[in-house]
1. Let me have the relative contact order for the range 366-485, percent, based on Cα pairs under 8 Å that are six or more residues apart.
2. Measure nothing fancy, just the Cα-based angle from helix 212-221's long axis to the longest principal axis of the chain, in degrees from 0 to 90, nearest 10.
3. Rounded to whole Hz and in sequence order, give me ³J(HN,Hα) for the range 712-718 from the Karplus expression 6.51 cos²θ - 1.76 cosθ + 1.60, θ = phi - 60°, writing x for Gly and Pro.
4. When a/c reaches 1.5 or more, the comparison of a/b and b/c decides; with that in mind, is the range 145-293 rounded, prolate or oblate per its Cα gyration tensor?
5. Could you work out the helix-only [θ] at 222 nm for the chain, with each DSSP H run of four or more residues adding -39,500 (n - 2.57) and the total divided by the number of residues, to the nearest 500 deg cm²/dmol?
6. For the chain, find the longest principal axis of its Cα atoms and tell me its angle to the long axis of helix 175-198, 0 to 90°, nearest 10.
7. Could you tell me which of rounded, prolate or oblate describes the range 4-66, using a ≥ b ≥ c as the square roots of the eigenvalues of the alpha-carbon gyration tensor, with rounded for a/c under 1.5 and, failing that, prolate when a/b is larger than b/c and oblate otherwise?
8. Listing M247, M180 from the residue with the fewest other Cβ atoms within 10 Å to the one with the most, what is the order?
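Bear in mind that the values in this text are calculations on the coordinates, not laboratory data. Computed from a predicted structure; not experimentally measured. With ideal geometry, Cβ positions are generated from the backbone for all residues, glycine too; neighbour counts draw on all protein chains shown.
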Amino acid sequence: MSRHIWDFHGGIHPPENKKQSSETSIRNPGIPDRLVVPVQQHIGSPGKPCVEVGQGVLKGQKIAEANGFVSLPVHAPTSGIVEAIDLHPVQHPSGMDALCVVIKPDGKDEWIEHSGRSDYNSLEKKAALNLIRDAGIAGMGGAGFPSVVKLGVKPDQKIKTLILNAVECEPYITADDRLMRERAHEIVQGLQIIAWLIDAKETLIGIEDNKPHAIEAMRQATVDTAIEVVTVPTKYPSGGEKQLIYMLTGKEVRSGGIPADVGVVCHNTGTAYAIKRAIIDGEPLISRITTLTGDFVADKGNYEVLIGTPVGWLLQQAGVKSTDLHRLVMGGPMMGFAMHNMTVPVVKTTNCLLVPTQQEFPDPAPEQPCIRCGSCAQACPVNLLPQQLYWFSKTKEFDKAAHYNLADCIECGACSYVCPSNIPLVQYYRFAKGEIRTQQQEQRKADHARQRFEARQARLEREEQEKERKRQERAKAAAAKQAEKKAAPAAKPAPSTAAGSGAENHGQTDLTKLQTAAASTMKRYKEAQKALLQAEKNESDNLEALRKKVGQLKDKADNAKAAFIDAKSAESKEPPALSSIKDDPLADLKKASADDFAAFKQAEQDLAEAEAQGSSEIDTLKQRVTELKALSDASKTAMKAARAKEKEQIQQKNAASDPVKTAKMEVAKQQVLLKKATKALQAAKDSDGGETEALEAKLKEAENLLEAAENTLKRIEKEHA
């Protein structure tokens, strides 16, 4: 019973023009004088060169390593010398440059040692996937997506159907057609490897009915297998992945989804062939079948071309004269793009080079206004509204274009082909897609920056709250201590001067011992900590013992310091000898501020040493620096407040003892302030500033204050005359 074929919406029937290149066998054009191998020939991150200029390489040797999950290595197409590693024009519509490894062949074409695994069933599937990744295999149907990513099916995804996309629906291109005619058995072997890797329940090969020889060859190669060869009607773009899946299974892949979501995996003919060569023969992807066609090509046909072969050299081998070039297209006439640089190399996704004549491909007619005929909507295979997308793209209303599912456009060119107004619709869609990608990248950057800012603000707020909490605790402790001092009875004089002196000396001796012990223990702890940091840097074997020793010394140092602080606090509460009584709170605050600042600077030094040595205690030391900084700031603020209060008291005392002198000082102060206000106003007028009114008001206020101070001085001088 024949399989039911579903028909997708839209599609067109352009002239096929395939016989020009499909009737001759695959040929080998040879090895060029230079091979220019881009390190990125796939979707994802570019490879990282792993060879140096002047280094000799063998055929199949890795010259660039994969640089991430969605990335692939690149291999030398033949033996030779690495001549350069620099930027070079590559296969891109814009003619952009990219990093390439330039190899000068030595003519020996000498392989590295390699061997395959015909018994691949005995391998772990993960090991087989690694072999495919190491071979640098990307999808060879056009997109260039790393095949290993597609084959790495998630455990929760059950794949029912594996489809080999052998449709090759675009006009002129016959690379897959000739590959199936001549190497069908190897393609089937690669397809069986894929089916084993993803555990597919059924395997289908979809081929358009305009390839009778390829259909027969594939049927012969699958006689003793469960693989089914299915012919589909010739219609462009039946080779689109989602279109082919719908035609063979009736399943529709949702917008933004992937075939695995509906239990299907789809691979290209060239990809299956490359997987067979990688697993069974042990050969990386270093060449591909490329169609050379167009009326300017004398020797039309399909060539097995080394990756990195310059396009200009290849066309010369096919009989193309540089003077005859009217247009050069990489890919087919529907989805390909024009190139203007003959040094661009062939890459893994180069399935066709089209060199048409003026009569074959005349210059495009001028774009005319849209007449709203609706032909584009009828031809669209994805059921989009091309006319609306055109208006949104042209007027740069990218949000609306995205809302109308612009991302689902496969850029097949069917809409442009049927447009009677000659509007290059696909070019508008590509422009809009690029702008949307740019906006999304900028939005992601902005979101990331906003998240970092919000995290920083939250951290600063937490630190400020912690500082405030500690400040309140210190204030509470100071208030309690002050209340305790006021409640204590008045100090009594010592029974005898000699006895008092002896007790004082004894207390000082004990306190000094505790201070010395605390300093000694802290020094030992610091030395052990430095030894641990050095051992961690040198990756020593006795790290655990050192960490334990550091912990013990830290406990001892903390205990010794606490004992010293308790003894000092207890001494301050005892009534001192009459000779030692001194009421100087400012001196105490100065000493406390100096001690706190010294502790803060020492903590900063410890942090700098830890960061230089890569210690694991950096976060702890940063927290300690923050705490000591807050404590130092609080001590400094208290000292400044006490100093200001003392200064005010002195001024009041001086004013009481010599009011005339105090009044003169106030006059001098107001004269200085008046002079400053006058200069500020003049500077603002010279610069044509807009704050002159406010400055004039300040000047007037300064004049009034000076006048009041002078009147006060006159009054006081008159009183004391």
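1. Details: 86 pairs, mean separation 28.4, N = 120.
Once divided by the residue count of the range 366-485, the mean separation gives 24 percent.
2. Roughly 70 degrees, rounded to the nearest 10.
3. In residue order, the calculated couplings are 4, 4, 4, 5, 5, 4, 5 Hz.
4. Numbers: a/c = 1.44, a/b = 1.14, b/c = 1.27.
Rounded, since a/c falls under 1.5.
5. Numbers: 19 runs with 365 residues, N = 721.
So the helix-based figure for the chain works out to -17500 deg cm²/dmol.
6. Helix 175-198 and the main axis of the chain meet at about 50 degrees.
7. Values: a/c = 3.67, a/b = 1.78, b/c = 2.06.
Note, shape of the range 4-66 comes out oblate.
8. Details: M247 23, M180 26.
Ascending number of Cβ neighbours within 10 Å: M247, M180.
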